[in-house]
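A.B. asks: The structure that follows is given in the form of C-alpha coordinates.
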Amino acid sequence: MKRKKVILITGGAGFIGSHLCDCFIRKDFRVICMDNLITGSKDNIRHLLGEKNFTFCKHDISKRINIKGAIDYILHFASPASPVDYTEFSIQTLKVGSLGTHNVLGVAKAKKAKFLLASTSEVYGDPLVHPQKETYWGNVNSVGPRSMYDESKRFAEAIVMAYHRVHKVDTRIIRIFNTYGPRMRMRDGRVVPNFIYQTLHNKPLTIYGTGKQTRSFCYVDDMVAGIVKLLQSNIHTPVNIGNPIEFNMLELAKVLQKVAKIKKKIVRKPLPVDDPKQRKPDIAIAKTKLKWKPKVQIQEGLARTFAWFKDNA
Ligand code: UDP
(Lines give C-alpha, C1' and ligand atoms only; values in the text may rest on other atoms or scores of the structure.)
Protein backbone atom coordinates (compact mmCIF):
# COMPACT_ATOMS: atom_id res chain seq x y z
CA MET A 1 0.00 0.00 0.00
CA LYS A 2 1.28 3.46 -0.85
CA ARG A 3 2.46 5.39 2.20
CA LYS A 4 0.64 8.63 3.00
CA LYS A 5 2.68 11.80 2.59
CA VAL A 6 3.87 13.19 5.91
CA ILE A 7 3.98 16.91 6.66
CA LEU A 8 5.47 18.58 9.73
CA ILE A 9 3.87 21.93 10.57
CA THR A 10 5.75 23.96 13.18
CA GLY A 11 3.51 26.50 14.87
CA GLY A 12 0.66 24.21 13.86
CA ALA A 13 -1.52 25.29 16.79
CA GLY A 14 -1.25 28.95 15.80
CA PHE A 15 -3.58 31.03 13.68
CA ILE A 16 -2.29 30.27 10.16
CA GLY A 17 -0.64 27.00 11.23
CA SER A 18 -3.92 25.46 12.40
CA HIS A 19 -5.62 26.34 9.09
CA LEU A 20 -2.73 24.59 7.35
CA CYS A 21 -3.26 21.50 9.54
CA ASP A 22 -6.91 21.44 8.41
CA CYS A 23 -5.90 21.87 4.79
CA PHE A 24 -3.42 18.98 4.76
CA ILE A 25 -5.71 16.64 6.75
CA ARG A 26 -8.30 17.32 4.01
CA LYS A 27 -5.65 16.44 1.43
CA ASP A 28 -5.18 13.07 3.21
CA PHE A 29 -1.66 13.73 4.51
CA ARG A 30 -0.32 12.55 7.84
CA VAL A 31 0.08 15.81 9.75
CA ILE A 32 2.53 16.29 12.61
CA CYS A 33 1.70 19.54 14.37
CA MET A 34 4.48 20.87 16.59
CA ASP A 35 3.95 23.85 18.86
CA ASN A 36 5.13 24.98 22.29
CA LEU A 37 1.78 26.76 22.83
CA ILE A 38 3.24 30.08 24.01
CA THR A 39 1.06 31.96 21.54
CA GLY A 40 -0.67 29.03 19.81
CA SER A 41 -3.56 27.21 21.46
CA LYS A 42 -4.88 23.67 21.60
CA ASP A 43 -8.34 25.16 21.00
CA ASN A 44 -7.29 25.77 17.38
CA ILE A 45 -6.62 22.06 16.76
CA ARG A 46 -8.94 20.39 19.27
CA HIS A 47 -11.23 19.22 16.46
CA LEU A 48 -8.26 17.37 14.88
CA LEU A 49 -6.98 15.57 17.98
CA GLY A 50 -9.11 12.46 17.34
CA GLU A 51 -8.07 12.14 13.67
CA LYS A 52 -5.88 9.11 13.02
CA ASN A 53 -3.66 11.06 10.62
CA PHE A 54 -3.05 13.90 13.05
CA THR A 55 -0.39 14.00 15.76
CA PHE A 56 0.16 16.90 18.11
CA CYS A 57 3.60 17.27 19.63
CA LYS A 58 4.20 19.94 22.27
CA HIS A 59 7.78 20.96 21.72
CA ASP A 60 9.91 24.10 21.60
CA ILE A 61 11.74 23.81 18.28
CA SER A 62 14.54 26.04 19.56
CA LYS A 63 15.63 22.79 21.21
CA ARG A 64 16.66 19.68 19.28
CA ILE A 65 13.85 18.01 17.32
CA ASN A 66 13.61 14.22 17.22
CA ILE A 67 11.09 12.68 14.86
CA LYS A 68 11.13 9.04 13.80
CA GLY A 69 10.20 8.01 10.28
CA ALA A 70 9.85 9.79 6.96
CA ILE A 71 8.88 13.43 6.53
CA ASP A 72 8.08 14.67 3.03
CA TYR A 73 7.25 18.32 3.70
CA ILE A 74 7.93 20.88 6.40
CA LEU A 75 6.00 24.11 6.84
CA HIS A 76 7.91 26.25 9.32
CA PHE A 77 5.37 28.62 10.88
CA ALA A 78 6.48 28.69 14.52
CA SER A 79 6.96 32.23 15.84
CA PRO A 80 5.09 34.85 17.81
CA ALA A 81 3.82 37.19 15.08
CA SER A 82 1.87 40.06 16.59
CA PRO A 83 3.78 43.12 17.83
CA VAL A 84 2.34 42.65 21.34
CA ASP A 85 3.39 38.98 21.42
CA TYR A 86 6.88 39.39 20.05
CA THR A 87 7.50 42.24 22.46
CA GLU A 88 6.48 40.02 25.39
CA PHE A 89 8.39 37.02 24.02
CA SER A 90 11.38 38.89 22.56
CA ILE A 91 14.02 36.30 23.29
CA GLN A 92 11.83 33.35 22.33
CA THR A 93 11.10 35.14 19.04
CA LEU A 94 14.80 35.58 18.30
CA LYS A 95 15.50 31.98 19.32
CA VAL A 96 12.74 30.42 17.22
CA GLY A 97 13.74 32.43 14.14
CA SER A 98 17.41 31.51 14.51
CA LEU A 99 17.97 28.31 16.54
CA GLY A 100 14.50 27.00 15.69
CA THR A 101 14.90 27.57 11.96
CA HIS A 102 18.34 25.93 12.11
CA ASN A 103 16.90 22.87 13.86
CA VAL A 104 14.00 22.53 11.43
CA LEU A 105 16.35 22.89 8.45
CA GLY A 106 18.43 20.10 9.97
CA VAL A 107 15.34 17.88 9.96
CA ALA A 108 14.60 18.87 6.34
CA LYS A 109 18.14 17.98 5.32
CA ALA A 110 18.17 14.63 7.16
CA LYS A 111 14.73 13.61 5.86
CA LYS A 112 15.13 15.13 2.38
CA ALA A 113 11.90 17.05 2.98
CA LYS A 114 10.63 19.99 0.96
CA PHE A 115 10.80 23.01 3.26
CA LEU A 116 8.78 26.24 3.37
CA LEU A 117 9.64 29.16 5.65
CA ALA A 118 6.95 31.56 6.80
CA SER A 119 8.67 34.91 6.52
CA THR A 120 7.00 38.27 6.74
CA SER A 121 6.45 41.68 5.20
CA GLU A 122 8.26 42.96 8.31
CA VAL A 123 11.54 42.12 6.55
CA TYR A 124 10.84 45.33 4.59
CA GLY A 125 10.70 47.30 7.87
CA ASP A 126 9.25 50.80 7.44
CA PRO A 127 9.53 50.65 3.66
CA LEU A 128 10.84 53.48 1.53
CA VAL A 129 9.59 51.75 -1.61
CA HIS A 130 5.88 51.31 -2.22
CA PRO A 131 4.38 48.83 -2.98
CA GLN A 132 6.97 46.35 -1.81
CA LYS A 133 8.51 44.03 -4.39
CA GLU A 134 10.53 40.99 -3.36
CA THR A 135 13.68 42.67 -4.72
CA TYR A 136 13.42 45.53 -2.19
CA TRP A 137 15.96 45.04 0.63
CA GLY A 138 14.03 46.90 3.26
CA ASN A 139 14.47 49.62 5.85
CA VAL A 140 14.82 47.89 9.20
CA ASN A 141 15.93 49.30 12.55
CA SER A 142 18.17 46.52 13.85
CA VAL A 143 17.91 47.68 17.47
CA GLY A 144 14.35 49.02 17.55
CA PRO A 145 11.29 47.58 19.32
CA ARG A 146 10.38 45.42 16.31
CA SER A 147 13.94 44.20 15.74
CA MET A 148 13.48 40.86 17.52
CA TYR A 149 10.90 39.85 14.91
CA ASP A 150 12.27 41.61 11.82
CA GLU A 151 15.85 40.49 12.32
CA SER A 152 15.03 36.92 13.33
CA LYS A 153 12.95 36.55 10.16
CA ARG A 154 15.73 38.14 8.08
CA PHE A 155 18.20 35.70 9.65
CA ALA A 156 15.75 32.85 8.96
CA GLU A 157 15.59 33.81 5.28
CA ALA A 158 19.41 33.91 5.14
CA ILE A 159 19.90 30.48 6.74
CA VAL A 160 17.20 28.96 4.52
CA MET A 161 19.03 30.25 1.42
CA ALA A 162 22.34 28.92 2.83
CA TYR A 163 20.84 25.43 3.35
CA HIS A 164 19.45 25.61 -0.15
CA ARG A 165 22.78 26.64 -1.69
CA VAL A 166 25.11 24.53 0.43
CA HIS A 167 23.06 21.43 1.27
CA LYS A 168 20.65 21.59 -1.70
CA VAL A 169 17.61 21.52 0.58
CA ASP A 170 14.49 22.09 -1.53
CA THR A 171 13.33 25.33 0.07
CA ARG A 172 10.65 28.02 -0.38
CA ILE A 173 10.23 31.36 1.37
CA ILE A 174 6.87 33.09 1.64
CA ARG A 175 6.67 36.71 2.81
CA ILE A 176 3.30 36.93 4.50
CA PHE A 177 1.54 40.30 4.64
CA ASN A 178 -1.16 41.12 7.21
CA THR A 179 -3.55 38.18 7.41
CA TYR A 180 -6.78 37.89 9.38
CA GLY A 181 -9.59 35.44 10.01
CA PRO A 182 -11.05 32.97 12.49
CA ARG A 183 -8.68 31.67 15.22
CA MET A 184 -6.73 34.86 15.67
CA ARG A 185 -6.40 35.41 19.38
CA MET A 186 -8.90 38.03 20.47
CA ARG A 187 -6.28 39.72 22.67
CA ASP A 188 -3.22 39.34 20.41
CA GLY A 189 -3.10 43.10 19.99
CA ARG A 190 -3.39 43.21 16.21
CA VAL A 191 -5.73 45.67 14.67
CA VAL A 192 -8.46 43.32 13.38
CA PRO A 193 -8.99 41.36 16.63
CA ASN A 194 -8.62 44.60 18.61
CA PHE A 195 -11.39 46.33 16.66
CA ILE A 196 -13.62 43.25 16.88
CA TYR A 197 -13.04 42.88 20.63
CA GLN A 198 -13.80 46.55 21.15
CA THR A 199 -16.97 46.30 19.04
CA LEU A 200 -18.20 43.24 20.94
CA HIS A 201 -17.40 44.73 24.36
CA ASN A 202 -18.87 48.14 23.79
CA LYS A 203 -15.55 49.96 23.86
CA PRO A 204 -14.28 52.69 21.55
CA LEU A 205 -12.03 51.62 18.67
CA THR A 206 -8.37 52.40 19.35
CA ILE A 207 -6.64 54.20 16.51
CA TYR A 208 -2.89 54.49 16.91
CA GLY A 209 -1.39 57.73 15.66
CA THR A 210 -3.26 59.57 12.92
CA GLY A 211 -4.78 56.33 11.63
CA LYS A 212 -3.47 57.23 8.18
CA GLN A 213 -0.88 54.45 8.22
CA THR A 214 -1.81 51.71 5.76
CA ARG A 215 -1.89 47.92 5.66
CA SER A 216 -3.37 45.44 3.18
CA PHE A 217 -5.39 42.61 4.70
CA CYS A 218 -5.54 39.08 3.33
CA TYR A 219 -8.21 36.60 4.42
CA VAL A 220 -6.71 33.40 5.85
CA ASP A 221 -8.28 31.05 3.23
CA ASP A 222 -6.58 33.04 0.45
CA MET A 223 -3.31 32.88 2.37
CA VAL A 224 -3.53 29.08 2.77
CA ALA A 225 -4.22 28.72 -0.98
CA GLY A 226 -1.12 30.83 -1.72
CA ILE A 227 1.04 28.75 0.63
CA VAL A 228 -0.07 25.51 -1.05
CA LYS A 229 0.68 26.95 -4.51
CA LEU A 230 4.12 28.12 -3.44
CA LEU A 231 4.89 24.70 -1.95
CA GLN A 232 3.97 23.09 -5.28
CA SER A 233 6.17 25.52 -7.23
CA ASN A 234 9.89 25.51 -7.88
CA ILE A 235 10.60 29.05 -6.69
CA HIS A 236 13.39 29.23 -4.13
CA THR A 237 13.58 33.01 -3.78
CA PRO A 238 11.07 34.86 -1.55
CA VAL A 239 7.51 35.36 -2.79
CA ASN A 240 5.08 37.95 -1.40
CA ILE A 241 1.63 36.63 -0.57
CA GLY A 242 -0.95 39.13 0.58
CA ASN A 243 -3.86 41.20 -0.56
CA PRO A 244 -2.75 44.32 -2.45
CA ILE A 245 -5.85 46.34 -1.58
CA GLU A 246 -4.60 48.96 0.84
CA PHE A 247 -6.56 50.58 3.69
CA ASN A 248 -5.63 53.09 6.31
CA MET A 249 -6.75 52.29 9.86
CA LEU A 250 -9.57 54.85 9.83
CA GLU A 251 -10.95 53.24 6.66
CA LEU A 252 -10.59 49.78 8.19
CA ALA A 253 -12.55 50.95 11.26
CA LYS A 254 -15.33 52.20 8.95
CA VAL A 255 -15.53 48.88 7.08
CA LEU A 256 -15.78 46.98 10.35
CA GLN A 257 -18.49 49.30 11.69
CA LYS A 258 -20.48 48.66 8.52
CA VAL A 259 -20.02 44.89 8.72
CA ALA A 260 -20.90 44.77 12.45
CA LYS A 261 -23.72 47.27 11.98
CA ILE A 262 -22.50 49.00 15.13
CA LYS A 263 -20.97 52.45 15.15
CA LYS A 264 -18.36 52.89 17.83
CA LYS A 265 -16.49 56.00 18.89
CA ILE A 266 -12.83 56.24 18.11
CA VAL A 267 -10.09 56.97 20.66
CA ARG A 268 -6.58 57.93 19.69
CA LYS A 269 -3.54 56.25 21.19
CA PRO A 270 0.12 56.98 20.50
CA LEU A 271 1.62 55.37 17.42
CA PRO A 272 4.02 52.61 18.48
CA VAL A 273 7.69 53.34 17.70
CA ASP A 274 8.79 52.11 14.24
CA ASP A 275 5.19 51.29 13.24
CA PRO A 276 5.48 51.10 9.42
CA LYS A 277 3.69 54.01 7.71
CA GLN A 278 2.59 52.04 4.71
CA ARG A 279 2.54 48.45 3.57
CA LYS A 280 1.21 46.87 0.41
CA PRO A 281 2.57 43.85 -1.43
CA ASP A 282 3.50 43.78 -5.07
CA ILE A 283 2.13 40.33 -5.96
CA ALA A 284 3.22 40.18 -9.61
CA ILE A 285 5.34 37.05 -9.01
CA ALA A 286 2.52 35.22 -7.21
CA LYS A 287 0.08 36.18 -9.96
CA THR A 288 2.23 35.24 -12.92
CA LYS A 289 4.27 32.32 -11.60
CA LEU A 290 1.86 30.77 -9.08
CA LYS A 291 -1.37 31.83 -10.81
CA TRP A 292 -2.54 32.97 -7.36
CA LYS A 293 -4.49 36.02 -6.37
CA PRO A 294 -6.69 36.73 -3.36
CA LYS A 295 -10.44 36.23 -3.85
CA VAL A 296 -12.07 37.25 -0.57
CA GLN A 297 -13.09 40.91 -0.31
CA ILE A 298 -12.50 42.67 2.99
CA GLN A 299 -16.24 43.08 3.70
CA GLU A 300 -16.84 39.36 3.31
CA GLY A 301 -13.69 38.33 5.20
CA LEU A 302 -14.41 40.68 8.09
CA ALA A 303 -18.03 39.47 8.24
CA ARG A 304 -16.86 35.85 8.53
CA THR A 305 -14.23 36.78 11.12
CA PHE A 306 -16.67 38.87 13.16
CA ALA A 307 -19.22 36.02 13.16
CA TRP A 308 -16.54 33.56 14.31
CA PHE A 309 -15.41 35.81 17.17
CA LYS A 310 -19.01 36.32 18.23
CA ASP A 311 -19.57 32.56 18.48
CA ASN A 312 -16.19 31.46 19.80
CA ALA A 313 -14.54 34.12 21.84
N1 UDP B 1 -3.41 49.65 15.14
C2 UDP B 1 -4.41 50.55 15.51
N3 UDP B 1 -5.21 50.20 16.56
C4 UDP B 1 -5.10 49.02 17.23
C5 UDP B 1 -4.10 48.10 16.83
C6 UDP B 1 -3.27 48.45 15.78
O7 UDP B 1 -4.55 51.64 14.94
O8 UDP B 1 -5.89 48.79 18.16
C9 UDP B 1 -2.57 49.97 13.97
C10 UDP B 1 -1.07 49.82 14.20
O11 UDP B 1 -0.50 51.01 14.70
C12 UDP B 1 -0.58 49.50 12.80
C13 UDP B 1 -1.76 48.76 12.15
O14 UDP B 1 -2.89 49.03 12.97
O15 UDP B 1 -0.31 50.68 12.09
C16 UDP B 1 -1.57 47.27 12.07
O17 UDP B 1 -1.12 46.83 13.32
P18 UDP B 1 -1.02 45.29 13.71
O19 UDP B 1 -0.63 45.23 15.15
O20 UDP B 1 -2.28 44.61 13.32
O21 UDP B 1 0.12 44.66 12.81
P22 UDP B 1 1.45 45.21 12.06
O23 UDP B 1 1.03 45.35 10.66
O24 UDP B 1 1.85 46.55 12.64
O25 UDP B 1 2.44 44.16 12.31
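A.B. asks: How high is the relative contact order of the chain, in percent, counting Cα pairs under 8 Å that sit 6 or more residues apart? Before the final figure, lay out the partial values.
C.D. replies: Numbers: 619 pairs, mean separation 53.1, N = 313.
The value is 17 percent.
A.B. asks: Related question: Out of the total accessible area of the range 231-310 (probe 1.4 Å, heavy atoms of protein only), what percent is carbon and sulfur? Provide the component values of the computation, followed by the final result.
C.D. replies: Details: 2630 of 4600 Å².
Whole-percent figure for carbon plus sulfur exposure: 57.
A.B. asks: Decide, for the range 255-294, between rounded, prolate and oblate: order the square roots of the alpha carbon gyration tensor eigenvalues as a ≥ b ≥ c, take rounded if a/c falls under 1.5, and otherwise choose prolate if a/b is larger than b/c, else oblate. Write out the running numbers ahead of the final one.
C.D. replies: Values: a/c = 6.69, a/b = 1.60, b/c = 4.17.
It comes out oblate by the Cα gyration axes.
A.B. asks: I want the local charge near Met184. Using Cβ-Cβ distances under 13 Å, sum +1 for each Lys or Arg and -1 for each Asp or Glu among the other residues.
C.D. replies: So the environment of Met184 carries a net charge of +2.
A.B. asks: Leaving ligands, DNA and RNA out of it, work out the accessible area of Ser98 with a 1.4 Å probe and give it in Å² to the nearest 10.
C.D. replies: Near enough 30 Å² of accessible area.
A.B. asks: Taking 7 Å along the Cα-to-C-beta vector as the label spot, tell me the Thr288-Leu271 distance in nanometres, rounded to one decimal.
C.D. replies: Inter-label distance under the simple model: 3.4 nm.
A.B. asks: Can you tell me the dipole magnitude for the chain around its Cα centre, using point charges on the Cβ only (Lys, Arg +1; Asp, Glu -1), in Debye to the nearest 20?
C.D. replies: Details: 53 positive and 26 negative charges, 152 e Å.
The calculated dipole for the chain is roughly 740 debye.
A.B. asks: To continue, here is another question. Averaged per residue, what accessible surface does the range 116-166 expose to a 1.4 Å probe, in Å²?
C.D. replies: Values: 2200 Å² over 51 residues.
Dividing the accessible area of the range 116-166 by its residue count gives 43 Å².
A.B. asks: Another question, then. Please give the solvent-accessible surface of Tyr219 in Å², to the nearest 10, using a probe radius of 1.4 Å with every protein chain present.
C.D. replies: Only protein atoms counted, so the area is about 10 Å².
A.B. asks: Would you calculate a helix-derived [θ] at 222 nm for the chain, using -39,500 (n - 2.57) for each DSSP H run of n ≥ 4 and dividing by the full residue count, to the nearest 500? Show your work: numbers first, answer last.
C.D. replies: Numbers: 10 runs with 112 residues, N = 313.
For the chain, the value works out to -11000 deg cm²/dmol.
A.B. asks: Same structure, new question: What shape does the range 1-145 take by its C-alpha gyration tensor, where a ≥ b ≥ c are the square roots of the eigenvalues and a/c under 1.5 counts as rounded, a/b above b/c as prolate, and the rest as oblate? Walk me through the numbers before you get to the answer.
C.D. replies: Numbers: a/c = 1.88, a/b = 1.70, b/c = 1.11.
Note, shape of the range 1-145 comes out prolate.
A.B. asks: Compute the accessible area per residue over the range 201-282, keeping the other protein chains in place, probe 1.4 Å, unit Å².
C.D. replies: On a per-residue basis, 48 Å².
A.B. asks: At 1.4 Å probe size, with no ligands or nucleic acids counted, give the accessible surface of Tyr208 in Å², nearest ten.
C.D. replies: Its accessible surface works out to 70 Å², give or take rounding.
A.B. asks: Ordering Cys57, Cys33 by accessible area with a probe of 1.4 Å, largest first, what comes out? The partial results should precede the final answer.
C.D. replies: Numbers: Cys57 45, Cys33 0 Å².
Sorted by accessible area, descending: Cys57, Cys33.
A.B. asks: Find the percent of Cα-Cα distances in the chain that exceed 34 Å, and round it to a whole number. Before the final figure, lay out the partial values.
C.D. replies: Values: 8591 of 48828 pairs.
It works out to 18 percent of all Cα pairs.
A.B. asks: Structure shown: which of Lys95/Lys280; Lys133/Lys293; Lys153/Lys289; Lys58/Lys95; Lys112/Lys289 lie over 22 Å apart, alpha-carbon to alpha-carbon? Don't skip to the end; give the middle numbers.
C.D. replies: On the way: Lys95/Lys280 28 Å; Lys133/Lys293 15 Å; Lys153/Lys289 24 Å; Lys58/Lys95 17 Å; Lys112/Lys289 25 Å.
In this structure, Lys95/Lys280; Lys153/Lys289; Lys112/Lys289 exceed 22 Å between Cα atoms.
A.B. asks: Rounded, prolate or oblate, given the Cα gyration tensor of the range 237-307, with a/c below 1.5 counting as rounded? Spell out each step's value before the answer.
C.D. replies: Numbers: a/c = 3.48, a/b = 1.46, b/c = 2.38.
Taking the square roots of the gyration eigenvalues as a ≥ b ≥ c, the range 237-307 is oblate.
A.B. asks: Okay, next question. Under unit Cβ charges (Lys, Arg +1; Asp, Glu -1), what dipole magnitude, rounded to 20 debye, does the range 108-206 have relative to its Cα centre?
C.D. replies: On the way: 17 positive and 8 negative charges, 110 e Å.
The calculated dipole for the range 108-206 is roughly 520 debye.
A.B. asks: How much of the accessible area of the range 66-177, in percent, comes from carbon and sulfur atoms when a 1.4 Å probe is used?
C.D. replies: Working: 2810 of 4740 Å².
Carbon and sulfur together cover 59 percent of it.
A.B. asks: Over the range 1-45, give the accessible area per residue in Å² for a 1.4 Å probe, as an integer. Numbers along the way, then the final one.
C.D. replies: Numbers: 1840 Å² over 45 residues.
That works out to 41 Å² per residue.
A.B. asks: Ordering Glu151, Glu251 by accessible area with a probe of 1.4 Å, largest first, what comes out?
C.D. replies: Values: Glu151 55, Glu251 85 Å².
Sorted by accessible area, descending: Glu251, Glu151.
The values are calculated or read from the model by the stated rules, or taken from the named source; none is laboratory data. Computed from a prediction, not measured in an experiment: that's the story for all the values here. All Cβ positions, glycine included, derive from the backbone under ideal geometry; neighbour counts span all protein chains shown. Heavy atoms of the whole protein, side chains included, go into the accessibility calculation; ligands, DNA and RNA do not. Shrake-Rupley method; radii C 1.70, N 1.55, O 1.52, S 1.80 Å.
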